[in-house]
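The values are calculated or read from the model by the stated rules, or taken from the named source; none is laboratory data. Treat the numbers as computed from the prediction; the structure is a model and nothing was measured. Here the Cβ positions follow ideal geometry from the backbone for every residue, glycine too, while neighbour counts run over all protein chains shown. Just the protein is used for accessible areas: all its heavy atoms, side chains included, with ligands, DNA and RNA removed. Shrake-Rupley method; radii C 1.70, N 1.55, O 1.52, S 1.80 Å.
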Amino acid sequence: MLQRPPRVAAIHDLSGFGRCSLSVILPILSVMGIQGVPVPTAILSTHTGGMGPVQFRDLTDYTVPCLEHYQRLGLTFECVYSGFLSSEQQIDHCLAFQRAYPEALTVVDPVMGDNGKSYATYTPAMRERMAELVAGADLIMPNMTEACMLLKLPHIHEPIPRSQAKSLLVRLSEMGPNAVIITSVPLSMGILANVGYDREKNAFWLVECDYVPVAYPGTGDLFAAVVTGALLGGDSLPMAMARATGYLERTIKVTYSYGADTRFGVMFEKTLPTLAQPYDFKSYQVL
Ligand code: PXL
């Protein structure tokens with residue numbers, strides 16, 4: 001039995017203001033009893049979502065020497081979890097982390113864009129090579145925009161039938177990962193849902209999301225961090241999806257109730273303690 005909390009190498013950017021990436025991932029993992037070890041890919045004054053020109057320091061030359069240090073120390077990680085990258089070379093660096101810890105759960109959040117658009121700092125070459133990272137992953141968690149980018153499909157705006165959601169999940173899994181979660185999928189039965197697939201178990205899952213008429217940056221990072229923490233804590237895939245969806249729903253509603261500036265992200269400080277509970281009673285269904 002592991003004589004310490006599970007350890008995650010979290011390869012993401014550190015954005016100072018705006019509540020995304022490492023600023024939210026680390027506290028979430030900690031409160032869930034998981035040790036997050038930040039491997040920053042870049043440092044930014046804010047996220048890139050609408051707060052003007054950002055201060056941006058790329059840390060591409062940091063990742064591999066950092067990995068080498070951890071290897072010299074003989075550290076092991078139970079999970080390698082990557083997200084926002086700031087250069088094409090960082091895809092190779094994440095692959096080096098994946099190869100260095102072949103026993104670890106490999107989680108790839110293929111951060112590339114949202115609402116049908118690529119993030120400003122993501123080049124076509126980075127989007128193209130994201131498939132290589134996805135190929136080595138056990139679990140990926142794209143949003144609809146990223147799912148379409150990975151599958152080289154035009155962006156899907158319209159609600160889709162369950163059968164199409166299943167086929168997107170299967171096709172993404174065929175790129176490599178055993179498990180796939182697509183977030184915020186509008187379904188033609190009139191609901192918004194997070195949908196998931198476990199290829200080994202041949203199981204499809206759906207967790208319904210309450211609709212709130214606003215969008216906040218960083219919510220994909222919070223979702224993926226909760227799923228990662230939950231899986232390392234022993235949840236099954238649908239339990240982890242339900243826990244993360246319930247958490248995001250509570251946090252988005254609290255933030256909306258204050259009428260806060262959406263660019264500032266969600267007020268997760270208000271809801272963080274709820275993640276320390278052993279189980280979230282949000283329900284899940286078979287897709
Ligand atoms: O939440 C994704 C994300 C992460 N990191 C940075 C971002 C964004 C989305 O805008 O700008 C720097």
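Candidates are the residues of the stretch 88-118 that are over 16 Å from ALA131 (Cβ atoms) and at pLDDT below 95; the one that is most open to solvent (accessible area, probe 1.4 Å) is LYS117. When residues in the stretch 1-60 are screened for being among the hydrophobic types (A, V, I, L, M, F, W, C) and assigned to a loop (DSSP other than H, G, I, E, B), 8 of them pass. A Cβ distance below 7 Å, combined with a sequence gap of six or more or placement on separate chains, defines the contacts here; from the stretch 4-31, residues that are within 14 Å of the ligand (Cβ to nearest atom) reach residues that are acidic (Asp, Glu) in the pairs CYS20/ASP221; SER21/ASP13; SER21/ASP221; LEU22/ASP13; VAL24/ASP221; ILE25/ASP221. Scanning for something closer than 22 Å to VAL111 by Cα and without any contact (Cβ under 8 Å) to a residue 40 or more places away in the chain, does the stretch 276-286 turn up at least one residue? The answer is no; no qualifying residue exists. Out of VAL185, VAL180, VAL212, VAL207, one residue alone is under 27 Å from PHE77 (Cβ atoms), in contact with a helix residue (DSSP H, G or I) (Cβ under 8 Å, 6 or more places away or on another chain) and more than 16 Å from the ligand (Cβ to nearest atom). It is VAL180.
Against the list (1) closer than 17 Å to VAL31 by Cβ; (2) within 15 Å of the ligand (Cβ to nearest atom); (3) of a type in the set (Lys, Arg), the condition ARG263 fails is (1).
Could you list, ordered by first residue, the pairs with Cβ atoms under 7 Å in which the first is in the stretch 212-239 and more than 20 Å from PHE264 (Cβ to Cβ) and the second is of a type in the set (Lys, Arg) and within 16 Å of the ligand (Cβ to nearest atom), at least 6 apart or interchain? The qualifying pairs do not exist here. If you check LEU153, LEU168, LEU172, LEU105 for being more than 16 Å from the ligand (Cβ to nearest atom) and touching a residue at least 60 places away in the same chain (Cβ under 8 Å), only one passes: LEU105. Of the strands (runs of 3 or more DSSP E) entirely within the stretch 161-254, those holding at least 1 residues that are hydroxyl-bearing (Ser, Thr, Tyr) and either open to solvent by 30 Å² or more (accessible area, probe 1.4 Å) or farther than 16 Å from GLN285 by Cα (or both) occupy 179-187.
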